[in-house]
There are 2 protein chains.
Amino acid sequence: MRIVLVTGSDAKAREASEILGTEIERADLELPEIQAATVEDVAREKAREAFRRLERACVVEDSGLGFAAWNGLPGPYVKWFERAAGLEALCRSLDGFPDRRSTASCVLAFRSETQQLTAVGRIEGSIARAPRGSGGFGWDAIFVPEGGDRTFAEMSAAEKNAISHRRKAWEELRRMLRLWQEGR
Amino acid sequence: MRIVLVTGSDAKAREASEILGTEIERADLELPEIQAATVEDVAREKAREAFRRLERACVVEDSGLGFAAWNGLPGPYVKWFERAAGLEALCRSLDGFPDRRSTASCVLAFRSETQQLTAVGRIEGSIARAPRGSGGFGWDAIFVPEGGDRTFAEMSAAEKNAISHRRKAWEELRRMLRLWQEGR
């Protein structure tokens, strides 16, 4: 089955290709994002709309960064913080809390005419005191995966892709698609 | 012209009645909220959808609380922070910044078959070190309007309604509706 990844982000499409080890077809639709408490709900709603417009099997991605001290927020809203307030401010917004733990999430919502699948990849870590590194994209410079002291942006693409929330989500989606195909 | 206010919030409907000095008709629709950078965009999109469903002139309200240190965020997303992280955490998230200035906004988006109006009311203030007071609703306990040292939640309903962002927005909408009616 050929799947199209719906994303406006070059970086996300590139990472998906690297992780899957194959070129991936891509569509860039202007999809409205709803406000919802979780990244899953945002992605599922986007996939429904993407399928309605494309009329073929597609995957949409949404990612988020949750702070333990904020009970999972900014979560799906992190990109607005990134753009408006900047990464430095995101780091400082945790300075009043002893707890800097964070969870990075990637949700891949698959939709075809007969099937709807939601694969989630998560990785635990913490928020740096200040942004560090020049690799990656988005909030990579402030997220330090558990078990090390470097941010995603201080790693090579291969290092990041070996452990990332996005890698885990794609692996999970592949597993789900395989099970579905076998079951048909 | 009879207008219906579309809101799921008893508190917002009550304040609107108090401010306008008249009973206000109310509809409670489950409207999806889009993600957008500003409260205005969120409200306009909701009004479009409300009019489509109700097929009569209607007003939807959206309010937000922006922090200067975060360049206007959490803004339209403040309610998610309120619910997930709580008011205490919102206060503490500014502890790493010298600047606690904040702007409270209320947007009223009016939509009829032939007209679309957006009235905005804003009030400047700051974010308290910790929540205070038991009046009001939402984030009233952390917002201290400029020129005083009490939060909205430490004021009587009449005191709050005399100066609030919601009062300003309703006055602006009334003015706009009057001009439009006169011009027809």
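The values are calculated or read from the model by the stated rules, or taken from the named source; none is laboratory data. Everything numeric in this text was worked out from a predicted model, so none of it was measured. When we count neighbours, we look across all protein chains shown, and the Cβ atoms used for this are built from the backbone with ideal geometry, even at glycine. Accessible surface areas use protein heavy atoms only, side chains included; no ligands, DNA or RNA. Shrake-Rupley method; radii C 1.70, N 1.55, O 1.52, S 1.80 Å.
Observations
- The stretch A:90-112, residues that are open to solvent by 10 Å² or more (accessible area, probe 1.4 Å) and either of a type in the set (Asp, Glu) or not in a loop (DSSP other than H, G, I, E, B) (or both): A:ARG92, A:ASP95, A:ASP99, A:ARG101, A:THR103, A:SER105, A:ARG111
- The condition (being in contact with an Asp or Glu (Cβ under 9 Å, 6 or more places away or on another chain) and farther than 21 Å from B:SER164 by Cα) is satisfied by just one residue among B:GLU25, B:GLU33, B:GLU49: B:GLU33.
- Note on the stretch A:137-173: among residues that are among the aliphatic types (A, V, I, L, M) and either open to solvent by less than 50 Å² (accessible area, probe 1.4 Å) or touching a Lys or Arg at 6+ places or on another chain (Cβ under 7 Å) (or both), the one that is nearest to A:VAL120 (Cα to Cα) is A:ALA169.
- B:ILE127 passes every criterion in (1) closer than 21 Å to A:GLY96 by Cβ; (2) open to solvent by 10 Å² or more (accessible area, probe 1.4 Å); (3) modelled with pLDDT of 95 or more apart from (2).
- Selection from the stretch B:42-61 of residues that are at the interface with another protein chain (Cβ under 10 Å from one of its Cβ atoms) and of a type in the set (Asp, Glu): B:GLU45
- Residues of the stretch A:126-155 that are assigned to a loop (DSSP other than H, G, I, E, B) and closer than 14 Å to A:ALA11 by Cβ: A:SER134, A:GLY135, A:GLY136, A:PHE137, A:GLY138, A:TRP139, A:ASP140, A:ALA141.
- Test for B:SER134: is it of a type in the set (Ser, Thr, Tyr), in contact with a helix residue (DSSP H, G or I) (Cβ under 8 Å, 6 or more places away or on another chain) and closer than 21 Å to A:ALA85 by Cα: no
- Residue that is nearest to B:ARG132 (Cα to Cα), among those in the stretch B:74-89 that are at pLDDT below 95, open to solvent by 10 Å² or more (accessible area, probe 1.4 Å) and not small (Gly, Ala, Ser): B:GLU82
- Checking A:ILE142, A:ILE163 one by one, the residue that is touching a residue at least 12 places away in the same chain (Cβ under 8 Å) and in contact with a helix residue (DSSP H, G or I) (Cβ under 8 Å, 6 or more places away or on another chain) is A:ILE142 and no other.
- Residue match in the stretch B:76-92 (condition: within 12 Å of another protein chain (Cβ to nearest Cβ), within 13 Å of the chain's Cα centre (by Cα), of a type in the set (Val, Ile, Thr) and more than 23 Å from B:LEU173 (Cα to Cα)): yes
- Residues (within 14 Å of another protein chain (Cβ to nearest Cβ) and open to solvent by 70 Å² or more (accessible area, probe 1.4 Å)) located in the stretch B:21-33: B:GLU30, B:PRO32
- Check on B:ALA36, closer than 30 Å to B:PHE67 by Cβ and buried (at least 16 other Cβ atoms within 10 Å of the Cβ): yes
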